[in-house]
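First comes the structure, then the notes that go with it.
Every number here is computed from the coordinates shown, using simple stated rules; none is lab data. What you see is a predicted model; the values in this text were computed from it and never measured. We place every Cβ from the backbone using ideal geometry, glycine too, and count neighbours over all the protein chains shown.
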Amino acid sequence: MTRLPTARLAGTTALVTGASQGLGRAVALAYAREGADLVIVARRPEPLELVRAEAEELGARAVVVTADVGDPDDVERVAAAALTAFDRVDVLVNNASELGPTPMPYLLDTDPDALRRVLDVNLLGPFLLTRALLGPMLAAGRGSVINVSSDAGVVGYPGWGAYGVSKAALDQMTRIWASELDGSGVRVNSVDPGDMATAMHAAALPDDDPSTLARPEDRTEVFVRLAAGGDADASGGRLEAAEFAPAEA
Ligand SMILES: NC(=O)c1ccc[n+]([C@@H]2O[C@H](COP(=O)([O-])OP(=O)(O)OC[C@H]3O[C@@H](n4cnc5c(N)ncnc54)[C@H](OP(=O)(O)O)[C@@H]3O)[C@@H](O)[C@H]2O)c1
């Protein structure tokens, strides 16, 4: 595999959380193919190392950081490692996410500690990581933060309480970041990737047939466009990944 001749992200550094599998892996490799260098984050080292090898095969420099984005000390460590390896991170994809207990309980049966953990990973982690990486983006006058959302943050699906609340809050935090950073050159958007055949989807909805679901690799184009700017240089949006056709190879 080689990089695309018309790489849209040459000279860009992107940090992707939850990059060891599913959507995060697909986005990281799409970025590598488009010429970006990477910081890739997840808790388990082995799958992350496999993604590093794939990214390096595509010509990317890839820095691996094993960390739990629900732990503020780990988030600090991620930001420090990224800013040591690269002068700044141009693109941050807050993709790592916690579903909560499965089978997914109704709110009435939701343990407050489980709700807290979901909010720590899905909301506090993105907040802290964005805040930690923002300084150099603002100094450069450019940057793109992409928060991965879900329709569960919009629709009140029964059983999706903790996760749905966290994604709704993440969407609102996206809009507020965007308005506060207006004119700074740093854009903040959220993306709803839609249903995809991943481990998280299988854990949430084990009866769904994965062959009827999108592949994460088919949902990466919006992430590339938001990283590259250009026709997708707006901020404060909530974009549906399924509306962006994959680029021609
Ligand atoms: N799949 C769908 O149908 C669907 C639909 C709507 C939205 N989404 C959203 O899309 C995003 C990606 O989901 P996915 O389906 O690709 O999930 P996935 O296949 O379960 O992958 C999750 C990734 O995040 C990492 N991760 C999980 N918790 C973490 C933590 N606390 N700290 C650091 N890394 C962590 C995992 O690696 P480790 O376990 O090694 O940490 C893994 O790399 C999520 O934001 C999800 O909410 C998915």
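General remarks:
- From the list Val222, Val155, the lone residue that is of a type outside the set (D, E, K, R), more than 9 Å from the ligand (Cβ to nearest atom) and assigned to a helix (DSSP H, G or I) is Val222.
- Taken over region 80-94, residues that are part of a loop (DSSP other than H, G, I, E, B), closer than 15 Å to Thr130 by Cβ and of a type in the set (A, V, I, L, M, F, W, C) amount to 1.
- Of all residues making up region 55-79, the number that are touching a residue at least 24 places away in the same chain (Cβ under 8 Å), within 16 Å of the ligand (Cβ to nearest atom) and part of a helix (DSSP H, G or I): 6
- Sole residue being buried (at least 21 other Cβ atoms within 10 Å of the Cβ), part of a loop (DSSP other than H, G, I, E, B), of a type in the set (S, T, N, Q) and at negative phi, chosen from Ser97, Ser144: Ser97
- Scanning region 186-206 for residues that are more than 6 Å from the ligand (Cβ to nearest atom), over 14 Å from the mean Cα position of the chain (by Cα) and not charged (D, E, K, R) gives Val186, Ala197, Ala202, Ala203, Ala204, Leu205, Pro206.
- Filtered residue count, region 160-193, keeping only those that are polar (S, T, N, Q) and under 17 Å from Ala241 (Cα atoms): 3
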